[in-house]
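What follows draws every value from the coordinates through simple rules; no lab data is involved. These numbers come from a predicted model, not from an experiment. Quick reminder, even Gly has a Cβ in these numbers, built from the backbone with ideal geometry, and neighbours come from all protein chains shown.
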Amino acid sequence: MTPTRDPRTPSKSRSRGTSRHSRARLAAIQALYQSAMTGTPPSVVIDEFLRHRLMDTDNEAGEGGKLNEALFAELVKGASARLDETDRKIENALPSSWDGDRLEVVLRCLLRSAAYELMTRYETPAAVVISEYVRLAHRFFSEGEPAFANGVLDRLARDLRPGELEARGSAAGDATG
């Protein structure tokens, strides 16, 4: 008898694809940071990452593995091109006592990439976007920033994709009981 695969367990190809997406998001945050800190145009930073930083098998930018290059480039180009819009959305999602200028640059870049993804990549569920970027926040920060990012991203998702998180929650509730 052939063992069957548990459908709740991702297949190897799904896991590889997910890892490549995660690496693309990590590299996008780093590229956005480099562009913000140096003033280098996003297209130049993307080219540098793809030609040099991501080709090294021991690189930090892509976690030493292959990444979805198209997603990486899309996130960097898109978040950069829609910077004013993403910053406005982020500002609206911040706690009322916060000013966007208080955000540390890496955190701002992370939120910009996530906001762009929530605004444009509807094929990726909002819950996945939030989970991925909170996980990435843990790579950069060891204090309260990941929880802060989670709260901001939750508000962003509820603003940009009204009802999606609630529908997912009620569907999960219906399935379990």
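Numbers at a glance
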{"item": "Packing-based order for 74-84, 36-46, using average beta carbon neighbours within 10 Å, highest first", "result": "74-84, 36-46"}
{"item": "Chain lengthening between Trp98 and Arg158 when straightened (0.36 nm per residue, less Cα-Cα)", "result": "19.7 nm"}
{"item": "Spin-label model distance (nm) - Asn150 vs Ala70, 7 Å beyond Cα toward Cβ", "result": "3.3"}
